[in-house]
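Trainee: Sharing a structure below in structure tokens format, with a few things to ask.
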Amino acid sequence: MLVIAGTVPDLDFPLVTGPACLEGDSLKVEGHLIPVLRGTPALVAAAIKTAEVAGNQPPHVILAGDTGRGSGSRLVYQHIVENARSFAETTLTFHYLQPDVDWHNRILMALDALSLPPVRIADAGFMYAAKMSGYAASYDLFTPDVGELAFLADEKAPHPFYTRGFILHRDQSVPELIERAYAHDNAAARLLVKGSVDMFASGEKIHWRIDSPGCEVMEAMGGTGDTITGMASALIASGMDMEKACHMAALANRHAGMLTRPTPATQVAEIVRAIPQALAGL
């Protein structure tokens, strides 16, 4: 089973848990409709479409409203700690959550205590918390973009805001950033780096690169990195080998973009609708 923990940008949105489905271009969870624009809703929507193709049950979600103040994120953190036993043998993907090292460590201890702990995937804010805590290596997969990778590569930065300028320099190559992240134990066992060239690495070894088909418009679209993580999570939860799942997700995301023929006005929900056809073509 795939479980996705994250937030939606609505301060009044309550904590909701349960299976998610799509109703038009919105997520539906416990009777609540959430527009699929970017962020965790985009990740969940991509996972739903992928699970349909794989013939698996839809993802279970843990969501709360948070606009950066942290209150909703703390509700999600608390729910996971209090219900840790229910996540044994699952694939657990953490996404947009306000970084909180104390709550992160509580979750990690609760999951480590399980005899059959979940596969642990982290992206966005929770990936930051994992690195800031010093326990990045406890995760099975991180899915950063190049900017997020720069933070992982900076062994001295306590927060993304303080990532040093020379590491963010555009001439700094992604392989060098990957090497730095692993050298200082600031990366998960595997990395799926998302960008104009997608890469998969473990240790300091880059296993593959994908740069085609290319769709430049997608580089500026919010949510297209989230859809890769959603697809990869669902494929991993289906039992697929992690490297193969990440490769298929990265490639399918590119094909979904080509099928959609996006313009600057295209929304990520249109990319999500093309995911089944893109996966079937692979």
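The values are calculated or read from the model by the stated rules, or taken from the named source; none is laboratory data. Keep in mind that what you see is a predicted model, and the values were worked out from it rather than measured. Positions of Cβ are backbone-derived with ideal geometry, glycine not excepted, and every protein chain shown enters the neighbour counts.
Rundown of residues vs (1) within 17 Å of Val268 (Cα to Cα); (2) at pLDDT 95 or above; (3) not in a helix (DSSP H, G or I), yes/no style:
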residue: Gly18; (1), (2), (3): no, yes, yes
residue: Leu22; (1), (2), (3): yes, yes, yes
residue: Ile34; (1), (2), (3): yes, yes, yes
residue: Leu43; (1), (2), (3): yes, yes, no
residue: Ala47; (1), (2), (3): yes, yes, no
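Trainee: Are any residues in the range 17-56 of a type in the set (A, V, I, L, M, F, W, C) and touching a His at 6+ places or on another chain (Cβ under 6 Å), and if so, which ones?
Mentor: Across the range 17-56, the qualifying residue is only Leu43.
Trainee: Follow-up question, since we're still on this one. Please give the number of the condition Lys244 fails out of (1) assigned to a helix (DSSP H, G or I); (2) touching a residue at least 24 places away in the same chain (Cβ under 8 Å); (3) over 20 Å from Pro99 (Cα atoms); (4) not β-branched (Val, Ile, Thr).
Mentor: Going through (1) assigned to a helix (DSSP H, G or I); (2) touching a residue at least 24 places away in the same chain (Cβ under 8 Å); (3) over 20 Å from Pro99 (Cα atoms); (4) not β-branched (Val, Ile, Thr) one by one, Lys244 breaks only (2).
Trainee: Looking at the range 72-88, which of its residues are without any contact (Cβ under 8 Å) to a residue 60 or more places away in the chain and either out of contact with any strand residue (DSSP E or B) (no Cβ under 9 Å at 6 or more places or on another chain) or surrounded by fewer than 24 Cβ atoms within 10 Å (Cβ to Cβ) (or both)?
Mentor: Correct list: Arg74, Gln78, Val81, Glu82, Asn83, Ala84, Arg85, Ser86, Ala88.
Trainee: If you go through the range 204-218 one residue at a time, how many are free of Cβ contacts under 8 Å to residues at least 24 places away in the same chain and loosely packed, with under 13 Cβ neighbours inside 10 Å?
Mentor: So the count comes out to 3.
Trainee: So, in the range 253-270, of the ones that are among the hydrophobic types (A, V, I, L, M, F, W, C) and free of Cβ contacts under 8 Å to residues at least 60 places away in the same chain, which residue ends up nearest to Ile34 (Cα to Cα)?
Mentor: Checked the range 253-270; the qualifying residue nearest to Ile34 (Cα to Cα) is Ala265.
Trainee: Out of Ala113, Ala189, Ala130, Ala183, which single residue is in contact with a strand residue (DSSP E or B) (Cβ under 7 Å, 6 or more places away or on another chain), surrounded by fewer than 19 Cβ atoms within 10 Å (Cβ to Cβ) and not acidic (Asp, Glu)?
Mentor: Checking each option against the conditions leaves just Ala189.
Trainee: Looking only at residues in the range 49-90 that are in a helix (DSSP H, G or I), among the β-branched types (Val, Ile, Thr) and under 19 Å from the mean Cα position of the chain (by Cα), which one is nearest to Gly24 (Cα to Cα)?
Mentor: Per the stated criteria, the residue is Thr50.
Trainee: Against the conditions (1) part of a loop (DSSP other than H, G, I, E, B); (2) closer than 22 Å to Lys49 by Cβ, where does Ala188 fall short? Just the number, please.
Mentor: (2)
Trainee: Tell me which helices (runs of 4 or more DSSP H) are completely within the range 92-171 and hold 3 or more residues being more than 25 Å from Pro59 (Cα to Cα), or say none if there are none.
Mentor: 124-133, 146-153, 165-168
Trainee: Taking the range 210-246 as the search range and keeping residues that are hydroxyl-bearing (Ser, Thr, Tyr) and at pLDDT 95 or above, which one is farthest from Ala189 (Cα to Cα)?
Mentor: The extreme case among them is Thr227.
Trainee: Search the range 260-272 for residues being buried (at least 17 other Cβ atoms within 10 Å of the Cβ) and not β-branched (Val, Ile, Thr), and hand back the single one that is modelled with the lowest pLDDT.
Mentor: Result: Pro262.
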